[in-house]
Amino acid sequence: MSNQIDAIMMFVERGWHPYTGQVDVAVYQQLECPAPLFAKWFYEGQEAQEALCVGCERQCRVDCTEGFKPAPKRFQALYKGYYYSLTPLEMVKRHTLLRVEQAAYCLNIAERTVRDMIEKGELVATKRKPVRVRSEEVLRLMNDFDE
């Protein structure tokens, strides 16, 4: 099972996306698939021309222009910001200084709001660029809410 999880993580990190549509029985027959019930399909997000199955150790690859309904589409990222693997609390505990986008993530606010807070003096920032704020101040703001 961990091999399958490792494979999924590897392909997701390389830009592959889960396919949630229907795969035609003919695809499984062509591949002589030993376990079609366990199939987990992913498609390459940039061109959406190739699909792979991580349902078994064979990790079959096929052209996904036929037999996949609906056909996979090129992946368009809706969110152009940053993705973090740390929770906000982990981030403020691990780093002494945070970039503006990290502080915004921790406080769940926009980067512009963080910059406004710096201009108003609510957050103290470094004088040199890139602008950084103290994680202890961000943690204080994270815990400062009305009850």
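What is the number of the single condition among (1) under 16 Å from MET10 (Cβ atoms); (2) part of a strand (DSSP E or B) that VAL62 does not meet?
Among (1) under 16 Å from MET10 (Cβ atoms); (2) part of a strand (DSSP E or B), the lone unmet condition for VAL62 is (1).
When both residues are 6+ apart or on different chains and their Cβ atoms are under 9 Å apart, which pairs have a first residue that lies in region 27-48 and is in contact (Cβ under 8 Å) with a residue 40 or more places away in the chain, and a second that is of a type in the set (A, V, I, L, M) and not in a loop (DSSP other than H, G, I, E, B)?
Listed pairs, sorted by first residue: VAL27/ALA51; VAL27/VAL62.
Considering only region 31-52, state which residues are under 13 Å from PRO72 (Cβ atoms) and not in a loop (DSSP other than H, G, I, E, B). Let's see the steps before the verdict.
Step one: of region 31-52, the residues under 13 Å from PRO72 (Cβ atoms) are 41-52.
Of everything in region 31-52, those that are under 13 Å from PRO72 (Cβ atoms) and not in a loop (DSSP other than H, G, I, E, B) turn out to be TRP41, PHE42, TYR43, GLU44, GLU50, ALA51, LEU52.
Return yes or no: is TYR28 aromatic (Phe, Trp, Tyr), surrounded by 14 or more Cβ atoms within 10 Å (Cβ to Cβ), modelled with pLDDT of 85 or more and part of a helix (DSSP H, G or I)? Show your work before the answer.
Working: aromatic (Phe, Trp, Tyr): yes; surrounded by 14 or more Cβ atoms within 10 Å (Cβ to Cβ): yes; modelled with pLDDT of 85 or more: yes; part of a helix (DSSP H, G or I): yes.
Considered against the rule, which asks whether it is aromatic (Phe, Trp, Tyr), surrounded by 14 or more Cβ atoms within 10 Å (Cβ to Cβ), modelled with pLDDT of 85 or more and part of a helix (DSSP H, G or I), TYR28 comes out as yes.
So THR20 passes all but one of these: (1) among the polar types (S, T, N, Q); (2) surrounded by 13 or more Cβ atoms within 10 Å (Cβ to Cβ); (3) modelled with pLDDT of 85 or more. Which condition number does it fail?
(2)
The values are calculated or read from the model by the stated rules, or taken from the named source; none is laboratory data. Just so it is clear, the structure is predicted and the values come from calculations on it, not from any experiment. Note that each Cβ is placed from the backbone with ideal geometry, even for glycine, and that neighbours are counted across all protein chains shown.
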